[in-house]
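S.K.: Mind looking over this structure? Questions follow.
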Amino acid sequence: MPFKTICAGISGHGDEQHTVVQALELAAELSAKLNFIHVNDTHAGEASLAFVDHGARLDEATLRKYVLAESNDDDRCKAANYDIHKGDWLQVLVGLTVDADLLILGHHHVGSLRELFTLSKDEQIINRTHCPIMVVPTADS
């Protein structure tokens, strides 16, 4: 199967250098279209009384700067597309990958206690997405 459209899910947490570099290199090697995707939580950037971290709200320019900082590869970064969406990250990513040939995600190792009780975000995506997925360990994994 030729990979013509690659999507890379980016959280923006500052530890995705491996994911960004893998996505840029693979897209260049395969002459594929690369879409960096970030999903802003509906409540991103808002204060929470329940102390829930909804993450920062990113815009396209911030995502571009973030990807460039993680990769330090200006030419390849300019060729990529940057998509910002708002809503439930799982629903948005599953919907966006319907026409994708490959989804690339970074993976954070979860502790063994948490592993017993919850599915990681990666596993939730794997269970719902119909395109192949490449999971790249983050620097802390």
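The values are calculated or read from the model by the stated rules, or taken from the named source; none is laboratory data. Bear in mind the structure is a predicted one, so any value in this text is a computation, not a measurement. In this analysis, Cβ positions are derived from the backbone assuming ideal geometry, glycine residues included, and neighbour counts consider all displayed protein chains.
S.K.: Where residues in region 111-139 are modelled with pLDDT under 75 and either within 16 Å of the chain's Cα centre (by Cα) or of a type in the set (Val, Ile, Thr) (or both), which of them is surrounded by the most Cβ atoms within 10 Å (Cβ to Cβ)?
M.R.: Lys121
S.K.: Now, a different point. Name the helices (runs of 4 or more DSSP H) wholly within region 1-104 that hold at least 3 residues that are modelled with pLDDT under 90 and surrounded by 15 or more Cβ atoms within 10 Å (Cβ to Cβ)? Full working, then the answer.
M.R.: Working: elements: 17-30, 60-71, 74-79, 89-96.
Output list reads 89-96.
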